[in-house]
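The values are calculated or read from the model by the stated rules, or taken from the named source; none is laboratory data. As the structure is a prediction and not an experimental result, all values here were calculated from the model. Backbone-built Cβ (ideal geometry, glycine too); neighbour counts: all protein chains shown.
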Amino acid sequence: MPVSSIQLQALPPPHSVGDTLDLAERCMLLDIVMALDRKGPGYLETLYGGSDAGLGFGSLGEQIKGKVNWDPAMHLANGFYDRQVAAMRQKDRAARMKHGFEDNQAYASEV
């Protein structure tokens with residue numbers, strides 16, 4: 001059955017890029033950081049289907065597993081996403097670009 005224009009107009013508006021970035025991308029990064037804490041650095045190789053042999057962590061990876069304080073990385077990542085989401089939620093493209101440029105400058109000074 002074909003979809004009518006009335007049915008299409010009745011649909012809710014799609015999520016904004018800012019909303020998607022706020023939820024999906026932020027959660028994905030934070031999940032990866034938490035997996036690094038639980039599984040150790042060798043987990044990075046499994047993200048693309050490899051094994052940890054390529055990165056050369058070996059026994060060092062096992063020794064530091066669960067012993068790294070990931071809080072600073074998570075705070076930095078959340079701050080980054082907060083600023084990116086705020087920029088993406090700007091209605092005007094010029095304002096988004098200006099906000100994004102200022103964000104990049106601020107991020108560079110933090111790192």
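Some observations on this one:
- Residues being loosely packed, with under 13 Cβ neighbours inside 10 Å and within 12 Å of TYR81 (Cβ to Cβ) - total across the range 1-38: 3
- For the range 28-41, the condition of being at pLDDT below 85, of a type outside the set (S, T, N, Q) and in a loop (DSSP other than H, G, I, E, B) holds for at least one residue.
- Long-range neighbours under 6 Å by Cβ, at least six apart or interchain, first residue at negative phi within the range 75-89, second basic (Lys, Arg) and in a helix (DSSP H, G or I): TYR81/ARG26; ALA87/ARG96
- Scanning the range 53-97 for residues that are in a helix (DSSP H, G or I), of a type in the set (Lys, Arg), farther than 21 Å from ILE32 by Cβ and at pLDDT 80 or above yields a single hit, ARG93.
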